[in-house]
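Presented below is the structure to which this report refers.
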Amino acid sequence: WWERGHSREGLRWVEAALERNEGERTKERADVLAAGAMFAFRAGAQEKLRAYADESLAIARERGDTRGEIWPLIFLGIWSGQVGDYVQSERHYEEAIALARSTDTRELVASAFNNLAINATAQGDLEKAASLFEEARTISQEVGALEDVAIETINLAECLHVIGRIDKAAAAAREGLSLARELASGRAVLLGLTQVAAIRCAGEGGSEAAKL
């Protein structure tokens, strides 16, 4: 559902599953709640995002499931950033990074860095954001998370574009889009096309940008 389905339909499946085990404090319920937070994020349902992530995190902590705490913390970091509480958001991401490192879940370290970079971009600290996107991309390359590499490269391109490093931005956007196409990742291809078009619009490629 993350890659090919509709987020609101995914949410309906989550809600149906949660009704079946209401009140249980199991790993299965925590996993479904984390999935619900993911879909709520994609669907723009902020209250559900927070509620699902909170409950998933609480169950993981009750069970002593360190690995199970990481995604809920990342989603709570996303929620805090969306409502403008960047201090709390950073706390969630830093805790997620520490837990991911302690469990050797390096792909989630990269995810947290990527989201910290998004926060830095929103706050106007573009140099910090670029550094964090680079760090996230390096980790994703090392663990072979290629779709994440594509998305982080495209995010880096957007950041470099705003800073004014147009040539580097254009190269990163093309690199990310090329990888996204190789992987047949619709989500990443869409992001890549949008970023390549934005860079072309800033130059003299308005008509080509419109086609993209």
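Beyond 21 Å, what share of the Cα-Cα pairs of the stretch 1-75 is found? Please give it as a whole percent. Let's see the in-between values first.
Numbers: 523 of 2775 pairs.
Taking all Cα-Cα pairs of the stretch 1-75, the fraction more than 21 Å apart is 19 percent.
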Item to check | Projected-area mean, the chain, by convex hull of Cα positions, square nanometres | outcome: 11.9
Item to check | Length released on extending from Gln123 to Gln46, taking residue separation times 0.36 nm less the Cα-Cα span | outcome: 25.7 nm
Checklist entry - Of all the accessible heavy-atom surface of the chain, with the other protein chains kept in place and a 1.4 Å probe, what percent is carbon and sulfur? => result 50
Checklist entry - Within the stretch 79-126, which GluC sites (Glu not before Pro) sit in a loop by DSSP and count at most 12 neighbouring Cβ atoms inside 10 Å? => result none
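Helix-only estimate, please: 222 nm mean residue ellipticity of the chain, summing -39500 (n - 2.57) across DSSP H runs of length 4 or more and dividing by its residues, to the nearest 500. Before the final figure, lay out each step's value.
Numbers: 11 runs with 177 residues, N = 212.
It lands at -27500 deg cm²/dmol.
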Item to check | Nearest-0.05 FRET efficiency for Thr103 and Asp167, computed from C-beta distance (R0 45 Å) | outcome: 0.70
Checklist entry - Where only protein heavy atoms count, and the probe is 1.4 Å, what is the accessible area per residue for the stretch 105-195 in Å²? => result 44
Item to check | Helix 106-122 vs. the chain, principal-axis angle (Cα, 0 to 90°, nearest 10) | outcome: 60
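Sorted by average packing, counted as other Cβ atoms within 10 angstrom per residue and highest first, what order do 75-81, 53-59 take? Walk me through the numbers on the way to the answer.
Values: 75-81: 24.1, 53-59: 21.4.
Ranked by mean Cβ neighbours within 10 Å, highest first: 75-81, 53-59.
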Next on the checklist: Using only the alpha-carbon atoms, how far is helix 186-202 inclined from the longest principal axis of the chain? Give it as 0 to 90 degrees, nearest 10.
Outcome noted: 40
Checklist entry - Across the Cα atoms of the stretch 33-157, what radius of gyration and what greatest pairwise Cα-Cα distance (Dmax) are found, in Å? => result 13.8, 41
Checklist outcome for this item: Computed from the beta carbon distance with a Förster radius of 30 Å, FRET efficiency for Leu146 and Val83 to the nearest 0.05 stands at 0.40
Next on the checklist: Give me the extension gain from Arg25 to Arg187: residue separation times 0.36 nm, minus the current Cα-Cα distance, reported in nm with one decimal.
Outcome noted: 55.0 nm
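The values are calculated or read from the model by the stated rules, or taken from the named source; none is laboratory data. Keep in mind it's a predicted model, so treat the numbers as computed, not measured. No Cβ is skipped: glycine too gets one built from the backbone with ideal geometry, and neighbour counts run over all protein chains shown. Calculation scope for accessible area: heavy atoms of the full protein, side chains included, ligands and nucleic acids excluded. Shrake-Rupley method; radii C 1.70, N 1.55, O 1.52, S 1.80 Å.
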